[in-house]
Amino acid sequence: MKVALIDSGLGLLSTAGWVRHLVPELDLLLLLDPDGAPWGPRSTSFITGRLFAAAHAAVERGADAIVVPCNTATVTAIDALRAEFEPGVPVVGTVPAVKPAAAAGSSIAVWATVRTTASAYQTRLIADFADGKPVERVACPGLAEAIDHGDVAAASEVIADAAARTPRHCDAVVLGCTHYPLVAAEILGRLPAGATLYDSAEAVARQTLRRLGLAPAPDGPEGGVEVMLSGRPGRLPDSAHAYPVGRVLDAAGRMPREALLAESARRQDAPLPSGDGVGEPL
């Protein structure tokens, strides 16, 4: 079976890594859009058009499921995408893990792009799932772009600034952009001891398996990894090599759990959680 993951840039790496770890036998089709990236500041019609073009290309290449590991694309066009391709091809979207953060933490911070931070979408998400707990919105201008370029130094500067603006009483920090888990280790290191990070990559991967009727089988053989760049066959950009999960995917190797530790929601002194669900519909 083949799973297609669509994003403008490297935001798809974490979810792809978890799919690879849980069922390595699945073939992966990674569809990036360097010609149109980043999608964040783009119009609804632009994002929808790029997403649909990638999804049709994925189905033409035999995709059995389509995953959209991008918050912007999910909120913009996931309903239209499902109307187009389901029930024949399951479509799985991404929602920031606000609900599990609210269930476990006493005070929440949501790190996200400037556009998402100011969006009605995030306001609704907090209203629906924060369970009345206080939520601090922390915009991280330039962080997704720095991660996409593999610019670790620039990302570090943005992380330091965002951490300084995150109130110390926030014990649950939601990574509201799918790029951010790639630098989760540094984010965690900048936060007060005992803070917990929440992202949805593992949960989205597990939801994808459920939609395909599959159970985790981490000991299976390795499937292939194919990359499309704005509709053209290619390879992951060199910037993906800045992250362990990117290096493994580029080599189409077996995804060790250790390569995903930095990408998973965790506390500095706690084991990795199971991540069976983010608590919101996907």
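The values are calculated or read from the model by the stated rules, or taken from the named source; none is laboratory data. Keep in mind it's a predicted model, so treat the numbers as computed, not measured. No Cβ is skipped: glycine too gets one built from the backbone with ideal geometry, and neighbour counts run over all protein chains shown. Accessible surface areas use protein heavy atoms only, side chains included; no ligands, DNA or RNA. Shrake-Rupley method; radii C 1.70, N 1.55, O 1.52, S 1.80 Å.
Is it true that Ala63 is open to solvent by less than 30 Å² (accessible area, probe 1.4 Å), at pLDDT 95 or above, assigned to a loop (DSSP other than H, G, I, E, B) and closer than 15 Å to Asp7 by Cβ? So Ala63 fits the description; yes. If you go through segment 100-121 and keep only what is under 19 Å from Pro38 (Cα atoms) and either surrounded by 23 or more Cβ atoms within 10 Å (Cβ to Cβ) or touching a Pro at 6+ places or on another chain (Cβ under 7 Å) (or both), you end up with Trp111, Ala112, Thr113, Val114, Arg115, Thr116. Filter segment 66-89 down to the residues that are open to solvent by 10 Å² or more (accessible area, probe 1.4 Å) and either in a loop (DSSP other than H, G, I, E, B) or among the acidic types (Asp, Glu) (or both) and list them by number. Matches in segment 66-89: Cys70, Asp79, Glu84, Glu86, Pro87, Gly88, Val89.
For segment 90-99, indicate whether the set of residues that are in contact (Cβ under 8 Å) with a residue 60 or more places away in the chain, surrounded by 24 or more Cβ atoms within 10 Å (Cβ to Cβ), in contact with a helix residue (DSSP H, G or I) (Cβ under 6 Å, 6 or more places away or on another chain) and in a helix (DSSP H, G or I) is non-empty. The answer is yes; a qualifying residue exists. Taking into account only those residues within segment 1-59 that are charged (D, E, K, R), at pLDDT 95 or above and not in a helix (DSSP H, G or I), which is surrounded by the most Cβ atoms within 10 Å (Cβ to Cβ)? Among those that are charged (D, E, K, R), at pLDDT 95 or above and not in a helix (DSSP H, G or I), it is Asp7.
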